[in-house]
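Down below is the structure, laid out as structure tokens.
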Amino acid sequence: MAEVVIVEHEEAAGRLVADAIVALIRSKPDAVLGLATGSTPLATYRSLASRIAEESIDVRGVRGFALDEYVGLPAGHPESYRAVITREVVEPLGLTPELVRVPNGDPASIEHAGADYEAALVAAGGVDLQILGIGRTGHIGFNEPGSSLASLTRVKTLTEPTRADNARFFDAPEDVPMHCITQGIGTILRARHLVLLAFGEAKAHAVAAAVEGPVTASQPGSAIQLHPHTTVVIDEAAASELENLAYYRHAWANKPNWQGI
Ligand code: GLP
């Protein structure tokens with residue numbers, strides 16, 4: 001079962017996850033972080049940036065792999081995930097840009113971009129800690145409902161609800177690309193620790209399906225149940241459709257201090 005931690009607000013979640021990442025980097029200075037885009041992980045990145053600056057943590061050797069990328073956006077487009085990861089993660093944290101990879105969404109090389117990314121992940125020794133958001137449709141990365149639970153990095157077609165959700169980042173809804181390249185669910189499950197974050201009522205259904213629903217490709221988030229070390233960090237609103245809430249609170253309140261998340 002995933003560990004479910006219910007926090008008061010996003011900032012508290014950010015502090016908790018940043019703590020785990022700082023501990024990881026201290027024990028492994030070339031740690032491999034799995035990076036998510038979207039609004040959900042921003043508090044974690046902010047908290048991590050403050051810790052790194054205040055405690056002068058050396059992150060020059062830290063490596064990163066983004067989960068996904070749009071296909072076909074012009075290089076340097078501000079909403080490409082390459083640009084978002086640079087702006088929200090690499091620069092504020094002071095990571096070494098060459099050590100942070102994003103799947104290549106250039107149509108010219110798209111046919112082998114998935115295999116190339118998989119090879120790079122394997123060569124890096126895999127992801128130590130993977131940050132995940134979850135979409136309204138239950139997607140993780142850009143693995144929309146129906147994605148194989150064994151899938152690897154490949155091109156996918158976005159659903160219309162996901163395109164509509166992401167339209168807020170673009171000038172017009174039709175500017176949201178139709179295709180993406182995303183780590184597969186099988187890829188994500190190879191990371192050594194999954195940390196899934198979700199905030200707000202709009203995510204409550206997807207969270208309940210991921211944590212307590214049947215494991216099914218129809219709810220890609222439910223794949224977390226197959227992983228031996230998953231931490232779900234959510235606020236009260238995102239937790240509102242969970243049935244075993246009392247137990248999650250009880251387990252967290254009684255957790256031995258030495259364990260961390
Ligand atoms: C996006 C990303 C996902 C993200 C999800 C939720 O489309 N591809 O990696 O987790 O949708 O986004 P947000 O955090 O903005 O709600």
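The values are calculated or read from the model by the stated rules, or taken from the named source; none is laboratory data. What you see is a predicted model, and the numbers here were worked out from it, not measured in a lab. Cβ: placed from backbone, ideal geometry, glycine included. Neighbour counts: every protein chain shown. We work out accessible area using only protein heavy atoms, side chains counted, and drop any ligands, DNA or RNA first. Shrake-Rupley method; radii C 1.70, N 1.55, O 1.52, S 1.80 Å.
Over the chain, with a Gaussian network built from C-alpha contacts below 10 Å, which listed residue (P41, P145, P161) shows the highest mean-square fluctuation?
Comparing P41, P145, P161 in the GNM, the peak value goes to P161.
Quick one: of the DSSP bridges fully inside the chain, what percent are antiparallel, nearest 5?
30
Pop out the ³J(HN,Hα) list for region 61-75 in order, Karplus 6.51 cos²θ - 1.76 cosθ + 1.60 with θ = phi - 60°, rounded to Hz; leave Gly and Pro as x.
The phi angles translate into x, 5, 10, x, 9, 6, 6, 7, 7, 6, 9, x, 6, x, 3 Hz.
For the chain, with a Gaussian network of springs between Cα atoms less than 10 Å apart, report the residue from A123, A191, A202 with the top mean-square fluctuation.
A123
So what's the back-of-envelope 222 nm ellipticity for the chain, counting only DSSP H runs of four-plus at -39500 (n - 2.57) apiece and dividing by all residues, rounded to 500?
-9000 deg cm²/dmol
Taking θ as phi - 60°, what are the ³J(HN,Hα) couplings along region 23-39 by the Karplus curve (6.51, -1.76, 1.60), each to the nearest whole Hz, with x for Gly and Pro?
Per residue, the Karplus-derived 3J(HN,Hα) values read 4, 4, 5, 5, 8, 9, x, 10, 3, 10, 9, x, 9, 9, 9, x, 6 Hz.
Between F199, F142, F169, which gets the highest mean-square fluctuation from a Gaussian network model of the chain, Cα cutoff 10 Å?
Result for the chain, Cα springs under 10 Å: F169 fluctuates most.
Quick one: Cα centre-to-centre distance for region 118-142 and region 22-37, in angstrom?
Here the two parts' Cα centres lie 14 Å apart.
What's the local net charge at S80, with K and R +1, D and E -1, over the other residues with C-beta under 14 Å away?
Counting the neighbours of S80, the net charge comes to -3.
Mind checking the per residue accessible area of region 3-254 for me, 1.4 Å probe, whole number of Å²?
I get 42 Å² per residue for region 3-254.
Check cross-link reach from K156 to the lysines: straight Cα distance under 23 Å, and skip same-chain residues fewer than eight apart.
K203
Of R163, R154, R87, R60, which has the most accessible area and how do the rest follow, probe 1.4 Å?
In descending accessible area the options line up as R60, R87, R154, R163.
With Cβ to Cβ distances under 9 Å as the rule, what net charge do the other residues near V7 carry (K, R +1; D, E -1)?
-4
R0 = 35 Å: FRET efficiency of R87 with L226, Cβ-based, nearest 0.05?
That pair, R87 with L226, gives E of 0.60.
Which net charge results when you count Lys and Arg as +1 and Asp and Glu as -1 among the other residues whose beta-carbon is under 13 Å from that of Q225?
Result for the local shell: -2.
Just reorder L93, L189 by solvent-accessible area, largest first, 1.4 Å probe, all chains present.
Heavy-atom accessible area, descending, gives L189, L93.
Roughly how many percent of the accessible protein surface of the chain is carbon and sulfur, given a 1.4 Å probe and a whole-percent answer?
Carbon and sulfur together cover 54 percent of it.
Label-point separation (nm) for D175 and A237, each offset 7 Å from Cα along Cα-to-Cβ?
Taking the two extended label points, one gets 2.6 nm.
What is the distance, in nm, between label points placed 7 Å from the Cα along the Cα-to-Cβ direction at R60 and at E212?
Each label point is offset 7 Å from its Cα along the Cβ direction, giving 4.9 nm.
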